[in-house]
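Read through the structure below, which is laid out as structure tokens, and then see the notes.
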Amino acid sequence: MSSDLIIKRIRADAPTMLLLLIIAVLLGWTFETRLVSMGVLKGTTLIIVGLVAGLLGGLIGTGGCSVMLPIIHFWMGYPAAVAVGTVLFAVIFTAVSGGYSHVLQRNVDRRAFLLLGLGGLGGVVLGSWLFMLVSAQTGLLGMILGLFFLWPAIRMIYEGVVQRTMPKREGVSIQGSGRSITVFGSVVGIATGLAGLGGGYALVPGLVYLFGAPVYLTMGTSLATMIPLALVGGGIKLVQGFVDLPTGLLLGAGAVVGARVGAAIMKRFKPATLKLIFGIYFLYVSAKFITAFFGILIW
């Protein structure tokens, strides 16, 4: 292995190792209080959930939040508001890791990133305020989450069955007026602050279909944009008391590793097949949230 390749590998792995070190330090800080009471089985399960979420994100560019949130809410018993805040906090680590990798590969449109980030930060603050208004209304919050899950479900099923892949776009930049990109970023920010689902499920298809962006730029710009949105949104949720810190750290650790593995093995899988499978899963999750609002419980 040449020295240049070794240097590139070290630069690519540096943020992952640093993030895992930060997570380990924070987990050590919480060890004597809340982490011990969690138990080994639950802690291991959370790491695995994060790993699966990160793996999916690395394979098809989305899915981290959408996988983690329903699992810890429906099958691990976390209240909806805490699940939203905790998952958004965990996204901080995956966004930083993935975004840095794309920056090294120059897969980020700086203009679009700044505009999306500017609009998104304002949106995430507004969305976080709206979240406070509905956080105590569990049924309404569940309905909102169910409606938000419809978008990735429809998108993935469509791409998995009808289109099979995203349209191939040419170019070296993301086109569109500054105002339209900023407004789009604001909408994504509101959704992030309100539902805690991150922006990948909306940013990626939005940039491709609304602005005709090349897919390679879309993935990098989306992850880079999620860094400030997740930092602000997750930070606000932490201050508001909607983040279970040990849970968020364990999910984040698993997701960071999973994302690296997914990116490394993505060429071995057919993205369309994966999208179809998870699209059906997200449709099920959406139905589960929405029907619960009407008192109908789906297993």
Evaluate the following for VAL261: is it of a type in the set (A, V, I, L, M), touching a residue at least 40 places away in the same chain (Cβ under 8 Å) and not in a helix (DSSP H, G or I)? no
If you go through PHE89, PHE113, the only one that is closer than 21 Å to LEU20 by Cβ, at pLDDT 85 or above, of a type outside the set (D, E, K, R) and within 18 Å of the chain's Cα centre (by Cα) is PHE89
How about region 135-147: which of its residues are touching a residue at least 60 places away in the same chain (Cβ under 8 Å) and touching a helix residue (DSSP H, G or I) at 6+ places or on another chain (Cβ under 6 Å)? SER135, GLY139, LEU140, LEU141, GLY142, MET143, LEU145, GLY146
Tally, over region 2-22, of residues that are closer than 30 Å to TYR281 by Cα, modelled with pLDDT of 75 or more and out of contact with any Phe, Trp or Tyr (no Cβ under 7 Å at 6 or more places or on another chain): 1
The condition of being under 12 Å from the mean Cα position of the chain (by Cα), modelled with pLDDT of 85 or more, crowded, with 24+ Cβ neighbours inside 10 Å and not hydrophobic (A, V, I, L, M, F, W, C) holds, among THR225, THR221, only for THR225
Confirm whether VAL243 is under 12 Å from GLY120 (Cα atoms) and either of a type outside the set (Asp, Glu) or assigned to a helix (DSSP H, G or I) (or both). no
Do any residues in region 90-119 that are touching a residue at least 60 places away in the same chain (Cβ under 8 Å) and at negative phi have Cβ atoms under 7 Å from those of residues that are outside any helix (DSSP H, G or I) and of a type outside the set (Phe, Trp, Tyr), where the two are at least six apart or on different chains, and which pairs are they? VAL91/GLY198; HIS102/VAL108; ASP109/SER173; ASP109/ILE174; ALA112/ILE174
All positions within region 30-46 that are loosely packed, with under 12 Cβ neighbours inside 10 Å and modelled with pLDDT of 65 or more: SER37, GLY39, VAL40, LEU41
Suppose the filter is more than 28 Å from MET132 (Cα to Cα), surrounded by fewer than 16 Cβ atoms within 10 Å (Cβ to Cβ) and either β-branched (Val, Ile, Thr) or at pLDDT 90 or above (or both); does ARG106 pass it? no
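The values are calculated or read from the model by the stated rules, or taken from the named source; none is laboratory data. These figures come from a predicted structure and were not determined experimentally. Every residue, glycine among them, receives a Cβ derived from its backbone with ideal geometry; neighbour counts consider all protein chains shown.
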